[in-house]
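What follows is a single structure, written as structure tokens, with notes after it.
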Amino acid sequence: VHGRNRARVDVPAGEGRRVTLALTPTRRGDRVTEAVTIRSHGPLGLWARQATLTAPGRIRVLPPFHSRAHLPSRLTRLRELDGRTPILIRGQGTEFDSLREYVRGDDVRSIDWRATARRSDPESPGSAKLMVRTWRPERDRRIVIVVDTSRTAAARIGDEPRLDTAYEAALLLAALATHAGDRVDLLLWDRRLRGRVHGASGPDLLARMVDTMADVDAELIEADWAGVPAQIRGVTSRRALVVLLTAADSPGSARGLLSVLPQLASRHRVVVASVADPTLEAAARNRDELSEVYAAAAAERTRLDADRVAAA
């Protein structure tokens, strides 16, 4: 937090004054105050007396959620996909909607033979009309967001840690899922559970998420992905969409993650999302041919050897 931490105030005898200081937070987390120091100058400015008074306080700085600016456009896209108009589909994860007459192109597996028999006229067998079931997208789906808070999350991408970018993505996803009527759980994990939001919905969800994220920073340890399946079972026993926000470009972390993906994928739909470093991507696009890289490395090694010989 930066800002003016000193204020000049004149207090006439027998009166009181209130001083307000504006502070601008530069990092999320808890900011603690312990004391206030008062320095009183004499009328001629030749002497002063100072005292420090205990004034404990705590201010929690929440994640900024800059990606909120993208929410309206994403909600518009969500309405286009999920639809304010009925979407009639069939398959896993859908709910029965209604019956209608069969039309060319319908999946024959959706024909409801009982309904067809009820609609048929016994005296005119040829007049029977096939009835099919229509389905609507399932509501109250479960989404579990797992944010990796291990050492790879401490790397800086642009002007902020990779963990803060992952928080932004988690908040935007949770806001979209809430508007779609889905239930969202959040887990912050490295080798232990650093934070959890479970059972929240509506406006309370984002409020609890930012409060949980506020004081959780990356730990300089490797992530223990083997413990993630048990944590997910702790928040839901249903099939869910599991979103893992981690650094997929780290070989050590990727090996541990790959070892548990089959177990997670057998019960859930899994999405692995990684924060990309635009600097590394630009370097990868502009890199020279492999032979040129080896040639440059060999030339540099020759130059260093020559320098060592000359120094000797």
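Each value in this text was obtained by applying a stated rule to the coordinates, not by laboratory testing. Quantities reported herein were computed from a predicted structural model and do not represent experimental measurements. For neighbour counting, all protein chains shown are included, and Cβ atoms are generated from backbone atoms with ideal geometry for every residue, glycine included.
Basic side chains Lys and Arg get +1 at the Cβ, acidic Asp and Glu get -1 at the Cβ, and with that the dipole of segment 139-275 about its Cα centre reaches some 820 debye.
If you take every DSSP beta bridge whose two residues both sit in segment 139-275, what share of them, in percent to the nearest 5, is antiparallel? Among the beta bridges of segment 139-275, antiparallel pairing accounts for roughly 25 percent.
For an R0 of 41 angstrom, estimate the FRET efficiency from the Cβ-Cβ distance between Ala55 and Arg77 and round to the nearest 0.05. It comes out at approximately 0.25.
Modelled spin-label separation between Glu101 and Ser237, with each label point placed 7 Å from Cα along the Cα-to-Cβ direction: 4.6 nm. The stretch between Leu258 and Leu44 holds 69.6 nm of extra length on full extension. This uses 0.36 nm per residue minus the Cα-Cα distance. Between Arg68 and Asp224, the modelled label-to-label distance comes to 3.6 nm, taking each label 7 Å out from Cα in the direction of the beta carbon.
Maximal additional length on extending the Val32-Arg267 stretch stands at 80.2 nm, based on 0.36 nm per residue less the C-alpha distance.
3J(HN,Hα) along segment 175-184: 5, 5, 5, 5, 5, 7, x, 9, 9, 10 Hz, from the Karplus curve 6.51 cos²θ - 1.76 cosθ + 1.60 with θ = phi - 60°, whole Hz, x for Gly and Pro. Protection proxy ranking for 143-152, 110-119, 217-226, using the average of other Cβ atoms within 10 Å per residue and placing the highest first: 143-152, 217-226, 110-119.
Stokes-Einstein D for segment 1-61 at 10 °C, 1.306 mPa s, Kirkwood Rh over Cα pairs, in µm²/s? Using the Kirkwood radius from Cα pairs, D works out to 114 µm²/s. Among 259-269, 153-163, the peptide with the highest mean count of other Cβ atoms within 10 Å heads the list, and the full ranking is 153-163, 259-269. Put a dot 7 Å past the Cα of Arg301, heading toward its Cβ, do the same for Arg191, and the two dots end up 3.7 nm apart.
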